[in-house]
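Notes follow once the structure below has been shown.
The values are calculated or read from the model by the stated rules, or taken from the named source; none is laboratory data. Owing to the predicted nature of the structure, the values given are computational and were not obtained by experimental measurement. Every residue, glycine among them, receives a Cβ derived from its backbone with ideal geometry; neighbour counts consider all protein chains shown. Accessible surface is based on the protein model in full, side chains and every heavy atom, while ligands, DNA and RNA are left aside. Shrake-Rupley method; radii C 1.70, N 1.55, O 1.52, S 1.80 Å.
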Amino acid sequence: MTLSHDAASRFAQVLSEALPYINRFVGKTLVIKYGGNAMESDELKTGFARDIVLMKAVGINPVVVHGGGPQIGDLLKRLNIESRFVDGMRVTDGQTMDVVEMVLGGQVNKDIVNLINQHGGQAIGLTGKDARLIRARKLQVTRQTPEMTQPEIIDIGQVGEVASVNTELLDMLVRGNFIPVIAPIGVGPDGESYNINADLVAGKVAEAIKAEKLMLLTNIAGLMDKEGKVLTGLSTAQVDALIADGTIYGGMLPKIRCALEAVQGGVTSAHIIDGRVPNAVLLEIFTDTGVGTLITNKA
Ligand SMILES: Nc1ncnc2c1ncn2[C@@H]1O[C@H](COP(=O)(O)OP(=O)(O)O)[C@@H](O)[C@H]1O
Ligand SMILES: CC(=O)N[C@@H](CCC(=O)OP(=O)(O)O)C(=O)O
């Protein structure tokens, strides 16, 4: 590739201006959750892969956790299996679990790994079963209405929550200059598989490896109020109120909960950002105020 002098001087200027931002994150680990909804085109996926490789090339350590909800939904539909969600979590029976493992651990994981590697990175794909990276337990879902004397337990099948993370494995990979790409499948004490919401895995991984930042890439500009205005810098109490009045629902529920837990658990900041914007990850790093919804630890 040869550049004209003008193009080369533009590149040089941009790179030079990026230096203070790069320095701020050099040597730090960032956990990036790549949601299935932000994988809508090949162009977006390629842009994401290039951003990740560039981060690593300048000395920032990305750890990727991916979703794939829409991709799981597509295969279930082709198999005539209905998708059902409770509080943003997929109800997962044995048959659905097989599909989840195939799509997340097979198709989506290898697709992202391959793209990162094609652009010069050294990505390594893992599910929570590899070296028991994500140990899980069954998620207890309860529901209580004012007329109930005690909460009702809802069985949503093989849906898990993170019990612990094998940080030794991740530290080893990051130190070895690999880029871990994690599919959100957990393993129980008896080797059973658990389907875990990818936001929850990303939050717990970020906490466990003491990441500087947690970025949740989704298909919306951020957490919004009822008028569609992006909200940022919210306290836990404000988030609770937005959940109670129904402003936050569905897939945004696990996202916001895990972002709050991550910052309470020591991650400096969490960001909910629009993964459909080209170079969303770099934009977040290279702007002073960031983009989307910022969550920090305040009461
Ligand atoms: N207050 C809110 N602000 C923004 N999005 C919300 C809100 N409440 C619910 N949502 C929904 O949450 C979705 C994002 O969650 P989800 O579909 O699970 O994304 P992902 O696949 O990226 O994890 C948005 O597309 C939107 O439909
Ligand atoms: C329990 C549960 O809901 N698991 C998710 C796992 C994938 C995921 O979280 O994907 P997105 O980030 O693309 O939504 C699911 O089965 O869809």
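Within the listed set GLY275, GLY35, GLY265, the Gaussian network model of the chain (springs between alpha-carbon atoms below 10 Å) gives the highest mean-square fluctuation for GLY265. Sites listed here are trypsin sites (Lys or Arg not before Pro) in the stretch 77-122 whose DSSP assignment is loop and whose Cβ has at most 15 other Cβ atoms within 10 Å: ARG84.
Given R0 = 35 Å, the distance between the Cβ atoms of ALA8 and MET172 translates into a calculated FRET efficiency of 0.35. Approximating the spin labels as points 7 Å out from Cα along Cα→Cβ, the THR142-to-GLU82 distance works out to 2.8 nm. Solvent-free Debye calculation, one equal scatterer per alpha-carbon of the stretch 26-219: log10 I(q)/I(0) at 0.11, 0.16, 0.17, 0.19 Å⁻¹ equals -0.49, -0.98, -1.09, -1.31. Approximating the spin labels as points 7 Å out from Cα along Cα→Cβ, the LEU283-to-LYS210 distance works out to 3.3 nm. Here LYS226 is the anchor, and the lysines within straight C-alpha reach of less than 22 Å, apart from those fewer than 8 places off in the same chain, are LYS255.
Where the accessible area of the chain is counted over protein heavy atoms with a 1.4 Å probe, how much of it, in %, is carbon and sulfur? Display every interim value, and only then the final one.
On the way: 7510 of 14550 Å².
In the chain, the share of accessible area belonging to carbon and sulfur is 52 percent.
The number of Lys pairs in the stretch 26-219 with C-alpha atoms less than 20 Å apart, excluding pairs fewer than 8 positions apart on the same chain, is 21. Computed per residue of the chain from DSSP H runs no shorter than four, each worth -39500 (n - 2.57), the mean residue ellipticity at 222 nm is -11500 deg cm²/dmol. When restricted to Cα atoms, the stretch 220-277 yields an Rg and a Dmax of 11.2, 32 Å, respectively. By DSSP, the beta bridges lying fully in the stretch 26-219 are antiparallel in about 40 percent of cases. Considering only GLY251, THR142, TYR21, and ranking their Cα positions along the charge dipole of the chain that arises from unit charges at the beta-carbon of Lys, Arg, Asp and Glu, the one farthest toward the positive end is TYR21. Note on the stretch 81-130: dipole from Cβ charges, positive end direction compared against THR127, VAL113, VAL91; the farthest Cα belongs to VAL113. Gaussian network model of the chain, Cα springs within a sub-10 Å range: biggest mean-square fluctuation belongs to which of GLY36, GLY222, GLY246? Judging by the Gaussian network model, the answer is GLY246. Within the shell of other residues whose beta carbon sits under 13 angstrom from the beta carbon of THR127, the net charge comes to +2, with Lys and Arg scored +1 and Asp and Glu -1. Projected label points at MET102 and ASP225, each 7 Å from Cα along the beta carbon direction, are separated by 4.6 nanometres.
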